[in-house]
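Participant: Take a look at the following structure, please.
The values are calculated or read from the model by the stated rules, or taken from the named source; none is laboratory data. Given the structure is predicted, the values throughout are model-derived calculations rather than measurements. Glycine also receives a Cβ, built like all others from the backbone with ideal geometry; neighbour counts cover every protein chain displayed. Surface areas here come from the heavy atoms of the whole protein model, side chains and all, with no ligands, DNA or RNA. Shrake-Rupley method; radii C 1.70, N 1.55, O 1.52, S 1.80 Å.
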Amino acid sequence: MTETVLVVGASGFLGRSVTWRLRERADRSDRRVLGTYCSEPGPTAEVQFDFWTDDVGDLVDEYDVDTVVFAAAVEYGGDRDTGASGVDAAFAERAERFAAGCEDVRLVYVSSAAVFDGRDAPYSESDSRSPRGGYGRRLVAFEDAVDAHCDDAAVLRTSYLFGFSTGRLDHRLARTRDHLDRGESVAYFSDMYKSPVLVTEAAETVATLVAGDATGVLHVPAPRVSVHEFHREAMAALGYDPSLVDAEPIPEDMDVAPDSSLASQRFDSLVDFEPSPVAAGLRSQVDSGEDGQ
């Protein structure tokens, strides 16, 4: 019997890699992988779906879906500015509807370290959530909706996805590369820390969760580096002069999470690889042709 996996957000940065990885595995198994798009179809996305207006339960029924992967980066899609509380309420209501539409199938939801305030890192799966802003609150609302409606669900948290997804570099490193191509220096925070995850390794982790039966929260415990170190190491790996990447401190009046690095109590027992450091991960993509060159 054919298993059907629906990837919501399959035209996005992570979603493209997730869809390709699942389809690679499908070549060796009895599985069909469908991807959704919001406005424009593409090689990884052929089914239209709008998180803000559509009911995922309709797609689950129409395509006889067994597993849903939510890999979309959802922004507020309302037609007017309702204020922060209004946006959060609208998102929470739609997250509830989405989770309810997945209550009879397996769900893998991709969240992020933004559910934490950055004051007590590294964070493991059992640590209490403490979002600082609207984005983190909306992630918490979605996680809560999944917990309330879906018995067979895994929540994957990452920090700073990077690298090449189907030949396209992530927007952070692409911005830095553009500056260096013009011979311009660019500065990043030396006192803000992340656990950057290679996008293809995040996709492999999602594929592992799709194929398995693990439930609950899972972190990808990639090595901790400062944002400044992240960009320096990445540019050096891509053949650029890292001396053009300058360091600066977080401004005192900026309300951001200083350290959202992640640890894990479960990763080693569920996933059969160790997350790559920044430079090694990018070099592996370049050497294997995943950079599209």
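Participant: May I ask for the net charge around Thr2, where only other residues with Cβ less than 12 Å from the Cβ of Thr2 are counted and Lys, Arg are +1 while Asp, Glu are -1?
Facilitator: That sum, taken over residues with Cβ under 12 Å, equals -2.
Participant: Still on this structure, I have one more. Once each part is reduced to its C-alpha centroid, what is the distance from segment 194-219 to segment 108-149 in angstrom?
Facilitator: Each part reduced to its Cα centre gives a spacing of 16 Å.
Participant: Would you mind working out the accessible area per residue for the chain, using a 1.4 Å probe, and quoting it in Å²?
Facilitator: So the chain comes to 46 Å² accessible per residue, rounded to a whole number.
Participant: Based on the alpha carbons, how large is the Rg to Rh ratio for segment 193-293 when Rh follows Kirkwood?
Facilitator: Radius of gyration relative to Kirkwood radius: 1.03.
Participant: For the chain, modelled as a Gaussian network with Cα springs under 10 Å, which listed residue fluctuates most, Val186, Val108, Val68?
Facilitator: Most flexible of the set in this elastic network: Val186.
Participant: Separate question: Counting only trypsin sites (Lys or Arg not before Pro) that are in a DSSP loop and have at most 12 other C-beta atoms within 10 Å, tell me the longest site-free stretch of the chain.
Facilitator: On the way: sites that count: Arg28, Arg80, Arg119, Arg182.
So the longest stretch without any such site is 183-293.
Participant: Among Met235, Met254, what's the order by accessible area (1.4 angstrom probe), most exposed first?
Facilitator: Largest accessible area first, the list is Met254, Met235.
Participant: If r is the Cβ-Cβ distance from Met1 to Ser269 and R0 is 30 Å, what FRET efficiency results, to the nearest 0.05?
Facilitator: Given R0 = 30 Å and the Cβ-Cβ separation, E is 0.55.
Participant: Under a crude label model (7 Å from the Cα following the beta-carbon direction), how far is Asp181 from Ala89 in nanometres?
Facilitator: Reported label-point gap for Asp181 and Ala89 is 4.5 nm.
Participant: Would you mind telling me the share, in percent, of accessible area of segment 200-293 contributed by carbon and sulfur at probe 1.4 angstrom?
Facilitator: C and S fraction of accessible area: 47 percent.
Participant: Of all accessible surface on segment 140-189 at a 1.4 Å probe, what whole percent is carbon and sulfur? Could you put the intermediate results ahead of the total?
Facilitator: Working: 880 of 2070 Å².
Accessible surface attributable to carbon and sulfur in segment 140-189 totals 42 percent.
Participant: Once amide H atoms are built 1.01 Å from N in the peptide plane, which residues 5 or more positions from Gln48, or in another chain, come under 5 Å H to H?
Facilitator: For Gln48, whose amide H was placed from the backbone, the distant partners under 5 Å are Tyr37.
Participant: Next question. Excluding Ala203 itself, calculate the net charge of residues whose Cβ lies under 12 Å from the Cβ of Ala203, where each Lys or Arg counts +1 and each Asp or Glu counts -1. Could the numbers behind the result be given before it?
Facilitator: Working: positive: Arg16, Arg21, Arg23, Arg25; negative: Glu24, Glu201, Glu204, Glu290.
Every neighbour counted, the sum reads 0.
Participant: Another question, if that's okay. Among Asp147, Asp117, Asp181, whose mean-square fluctuation peaks in a Gaussian network model of the chain (Cα, cutoff 10 Å)?
Facilitator: Among Asp147, Asp117, Asp181, the largest mean-square fluctuation in the Gaussian network model of the chain belongs to Asp181.
Participant: Quick check: net charge around Arg119, other residues with Cβ under 14 Å of its Cβ, Lys/Arg +1 and Asp/Glu -1?
Facilitator: Neighbour charge sum, excluding Arg119 itself: -4.
Participant: Further question on the same structure: Springs between alpha-carbon pairs under 10 angstrom, Gaussian network model over the chain: which of Phe273, Phe142, Phe116 fluctuates most?
Facilitator: Highest fluctuation of the listed residues: Phe273.
Participant: Follow-up question, since we're still on this one. Would you mind checking which residues have amide H under 5 Å from Ser111's amide H? H placed 1.01 Å from N; only 5 or more apart, or other chain.
Facilitator: Excluding prolines and chain starts, which carry no amide H, the hits are Leu156, Arg157, Thr158.
Participant: Glu252 to Asp291: FRET efficiency via 1/(1 + (r/R0)^6), r the Cβ-Cβ distance, R0 35 Å, to the nearest 0.05? The partial results should precede the final answer.
Facilitator: Values: r = 38 Å, r/R0 = 1.10.
Calculated value: 0.35.
Participant: Continuing with the same structure: Considering only DSSP beta bridges where both residues belong to the chain, give the percentage that are antiparallel (nearest 5). Please report the intermediate quantities before stating the final value.
Facilitator: Values: 5 of 38 bridges.
Antiparallel: roughly 15 percent of the beta bridges in the chain.
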